[in-house]
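Before any comments, here is the structure.
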Amino acid sequence: MKKRLESVRERIRNAAISSNRDPDSVRLVAVSKTKPVESILEAIEAGATIFGENYIQEAREKFTALAEHDISWHFIGHLQSNKAKYAVRQFDLIHSVDSLKLARELDRHALKNGKIQQILIQVNISGESSKSGVEEQTLLELVREAGKLENVSIRGLMTMPPFFDNPEKARPIFAALRKLRDRIEQEAIANVFMEELSMGMTGDFEAAILEGATLVRVGTAIFGSRY
Ligand SMILES: *Cc1c(COP(=O)(O)O)cnc(C)c1O
């Protein structure tokens, strides 16, 4: 585990340096979905501080078991509005907001919890109907509307490209997300911050860093295969 984590860190550093970026500008989200608490403990010992989970029920159990550890939890999976309550309770950042309905639910529960919920808007760049995420054409409208909510704070964008055998093929998608970020930034919408780009997984995180990723979500390269 320690070796694998160090190797991922090293690759992140190298990718950042080769694109003239500060290595500290890229944060690693260790994606622990389907992996047991023991594996997460090992990763904590090896220095991981941010964990990504996809399923609320599974995450709640881990959260309870690891409550005494000073780690940050990010939600990266598809989130149903009726689970917003649990997501707000335990996650520092929700990467996968793709509808105004969900943003409103998060806002409502954040208010109840006395919290400002940090969120990213998930964008479906490739336009494949099977992928979740808001379409590019409606992104700006969603950002404008969700930006009006007082108890959520939009910190940036997230995308998940379709699977490619070659990470270079994902690069145009990462570049497209960065351009969308830049465009939204130009609009200077109140309460909307565009500092985060969540993109890149085990197969393509270096390509994502070359295109500006600030959060990479890596599971398999740290925890091993899920199957
Ligand atoms: C599972 C998952 C990851 C991690 O994928 P790996 O290929 O194992 O690194 C990243 N992002 C999301 C949204 C995921 O669901």
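The values are calculated or read from the model by the stated rules, or taken from the named source; none is laboratory data. Keep in mind the model is a prediction, meaning the values are calculated, not measured. Cβ: placed from backbone, ideal geometry, glycine included. Neighbour counts: every protein chain shown. Each accessible area value is taken on the protein alone, full model and side chains, heavy atoms only, with ligands, DNA and RNA left out. Shrake-Rupley method; radii C 1.70, N 1.55, O 1.52, S 1.80 Å.
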Q: For region 132-141, indicate whether the set of residues that are within 16 Å of ALA208 (Cα to Cα), without any contact (Cβ under 8 Å) to a residue 12 or more places away in the chain and open to solvent by 40 Å² or more (accessible area, probe 1.4 Å) is non-empty.
A: no
Q) Would region 185-203 turn up any residue that is over 22 Å from LEU93 (Cα atoms) and within 12 Å of the ligand (Cβ to nearest atom)? A) yes
(Q) I'm checking my understanding of the structure. Among residues of region 28-44 that are part of a helix (DSSP H, G or I) and not aliphatic (A, V, I, L, M), which one is surrounded by the fewest Cβ atoms within 10 Å (Cβ to Cβ)? (A) GLU38
Q: Residue by residue through region 146-185, note down the ones that are under 12 Å from ASP204 (Cβ atoms) and open to solvent by less than 40 Å² (accessible area, probe 1.4 Å).
A: THR159, PRO161, PRO162, ALA170, ILE173, PHE174
**Q.** Candidate set from region 206-217 (those that are surrounded by fewer than 23 Cβ atoms within 10 Å (Cβ to Cβ) and not in a loop (DSSP other than H, G, I, E, B)); member that is farthest from the ligand (Cβ to nearest atom)
**A.** LEU210
Q: Name the single residue, out of those in region 15-27 being assigned to a helix (DSSP H, G or I) and touching a residue at least 24 places away in the same chain (Cβ under 8 Å), that is farthest from the chain's Cα centre (by Cα).
A: SER18
**Q.** When residues of region 45-72 are limited to those that are among the aromatic types (Phe, Trp, Tyr) and within 14 Å of the ligand (Cβ to nearest atom), the one surrounded by the fewest Cβ atoms within 10 Å (Cβ to Cβ)
**A.** TYR55
Q: Starting from region 163-192, keep only residues that are assigned to a strand (DSSP E or B), then list their pairs with residues that are β-branched (Val, Ile, Thr) and open to solvent by less than 70 Å² (accessible area, probe 1.4 Å) whose Cβ atoms are within a distance under 9 Å, requiring at least 6 positions of separation or different chains.
A: VAL192/VAL143; VAL192/ILE154; VAL192/ILE184
